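The values are calculated or read from the model by the stated rules, or taken from the named source; none is laboratory data. Predicted model only: the values in this text are computed from it and were never measured. Don't worry about glycine lacking a Cβ; one is built from the backbone with ideal geometry, like all the others, and counts go over all protein chains shown. Ligands, DNA and RNA are excluded from the accessible area calculation, which covers all protein heavy atoms including side chains. Shrake-Rupley method; radii C 1.70, N 1.55, O 1.52, S 1.80 Å.
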Amino acid sequence: MKILITGVSGQLGRSLVERLGNEHQIIAADRTMLDLSKPDMIVTTVRQIAPDLIINPAAYTAVDKAESEPELAATVNTHAVASLAEVAKTLNIPLIHYSTDYVYAGNKKDTNGKLAAYTESDPVAPLNIYGQTKADGEQAIRDTGCRHLIFRTSWVYSPYGKNFLLTMLKLANEREQLNIVNDQFGAPTSAITIADITAQIIAQMSSARDTTCAENWWKMHQGTYHLVNAGTTNWCDFTRAIVQEAQQAGLLKTPGPAISGIPAVSYPTPAKRPENSMLDLNKLKLAFGVSVPEWRESMQECIRYLK
Ligand SMILES: NC(=O)c1ccc[n+]([C@@H]2O[C@H](COP(=O)([O-])OP(=O)(O)OC[C@H]3O[C@@H](n4cnc5c(N)ncnc54)[C@H](OP(=O)(O)O)[C@@H]3O)[C@@H](O)[C@H]2O)c1
């Protein structure tokens with residue numbers, strides 16, 4: 001397939017290019033080829049490329065900055081996504097798009113008052129501008145009626161780019177003490193896992209070759225799915241695991257910092273963040289039969305990559 005991938009300088013964009021590059025013809029679009037802050041240009045550019053599939057990992061991801069740049073965040077995360085979906089509909093090609101745990105309010109509890117994992121049918125109620133623009137982007141895709149898969153993910157890291165894991169590795173080499181939030185829960189997710197599962201799903205999609213098969217495949221599979229590493233942790237325990245793994249891999253110059261948990265209220269940020277980012281994986285597993293690695297296993301793989 002000829003696959004157009006956006007945002008290829010980002011964590012997930014790069015991982016997708018690496019994972020899919022051997023099997024498909026990849027058109028790797030950075031913002032110089034496809035600037036999502038200029039939605040008017042999108043239709044013309046995509047028509048010229050004439051892909052068989054669009055994958056859109058590009059996004060305005062500066063969660064705190066979005067509070068003071070809501071228009072730009074909405075342009076990239078909502079209006080540009082609408083344009084990609086419209087052109088996908090016109091060209092009769094599918095769109096794979098990524099969204100976020102931040103579409104939820106982050107306060108779901110079970111009947112015993114314990115935090116409970118969100119399912120895809122739970123209502124969206126974003127706490128911040130970024131989450132709202134991502135939720136609106138999802139809805140814009142559904143409204144066009146194009147063939148689509150939307151994958152909501154969380155706490156993404158990779159061996160490259162800007163992310164929590166790399167920040168903690170840097171701080172662990174510089175500081176004797178780290179105070180990290182321990183009352184927000186979710187699944188750290190490797191961009192490599194997301195790319196790998198996306199590739200497995202694309203393989204299933206493209207094996208439905210003739211028109212009737214493809215129509216049936218999309219009838220059964222089109223929709224919104226959670227796609228995160230398995231298991232749950234909090235930022236502080238994630239940091240402890242990163243430091244422990246980095247120590248074993250010889251990536252720390254120092255003995256490593258003391259790590260203490262703090263409540264989120266002690267670490268105020270411009271954008272509100274959810275307490276509960278736990279995303280249930282059953283829909284993804286049932287629909288595609290994929291197995292999803294535990295977050296710790298994928299984190300270890302990332303640390304080994306950095307070694
Ligand atoms: N990172 C997370 O923790 C997280 C959590 C939940 C969901 N997600 C979602 O997962 C997906 C992948 O995230 P990620 O972590 O890979 O993000 P990332 O590393 O921040 O990469 C974002 C990419 O989008 C590109 N981009 C931003 N504005 C653009 C524009 N105007 N035109 C074209 N490209 C533009 C960036 O290009 P430049 O390099 O040129 O800026 C970069 O390549 C996104 O949909 C994100 O919303 C991420």
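Miscellaneous remarks
- Hits in segment 257-269 - residues which are buried (at least 18 other Cβ atoms within 10 Å of the Cβ) and at pLDDT below 95: Pro257
- Subset of segment 16-45 (residues that are buried (at least 17 other Cβ atoms within 10 Å of the Cβ), within 13 Å of the ligand (Cβ to nearest atom) and aliphatic (A, V, I, L, M)): Leu16, Val17, Ala28, Ala29, Leu34, Leu36, Ile42
- The requirement of being in contact (Cβ under 8 Å) with a residue 12 or more places away in the chain, surrounded by fewer than 19 Cβ atoms within 10 Å (Cβ to Cβ) and aliphatic (A, V, I, L, M) is fulfilled somewhere in segment 222-236, by at least one residue.
- Some residue of segment 194-201 being surrounded by fewer than 16 Cβ atoms within 10 Å (Cβ to Cβ) and over 22 Å from Ile54 (Cβ atoms): no
- Test: Leu178 is open to solvent by less than 20 Å² (accessible area, probe 1.4 Å), within 12 Å of the ligand (Cβ to nearest atom) and either more than 18 Å from Ala58 (Cα to Cα) or not in a helix (DSSP H, G or I) (or both): no
- Among the residues of segment 46-84, those identified as among the hydroxyl-bearing types (Ser, Thr, Tyr) and either open to solvent by 30 Å² or more (accessible area, probe 1.4 Å) or within 11 Å of the ligand (Cβ to nearest atom) (or both) are Tyr60, Thr61, Ser68, Thr75.
- Restricting attention to segment 1-15, the residues that are modelled with pLDDT under 95 and near the ligand (Cβ under 8 Å from one of its atoms) add up to 0.
- With respect to the conditions (1) over 25 Å from Ala230 (Cβ atoms); (2) part of a helix (DSSP H, G or I); (3) over 19 Å from the mean Cα position of the chain (by Cα); (4) not β-branched (Val, Ile, Thr), Gly137 lacks only one, and its number is (3).
- Note on segment 160-175: among residues that are at pLDDT below 95 and either of a type in the set (Ser, Thr, Tyr) or within 12 Å of the ligand (Cβ to nearest atom) (or both), the one that is surrounded by the fewest Cβ atoms within 10 Å (Cβ to Cβ) is Lys162.
- In this entry, Tyr157 is excluded by the filter for residues that are within 17 Å of Gly106 (Cα to Cα) and at pLDDT 95 or above.
- Any hit, segment 239-250, residues being outside any helix (DSSP H, G or I), more than 30 Å from Leu53 (Cα to Cα) and among the acidic types (Asp, Glu): no
- Any hit, segment 270-283, residues being surrounded by fewer than 16 Cβ atoms within 10 Å (Cβ to Cβ), at pLDDT below 95 and part of a loop (DSSP other than H, G, I, E, B): no
- Among all residues of segment 73-81, there is none that is free of Cβ contacts under 8 Å to residues at least 12 places away in the same chain, under 28 Å from Met41 (Cα atoms) and not aromatic (Phe, Trp, Tyr).
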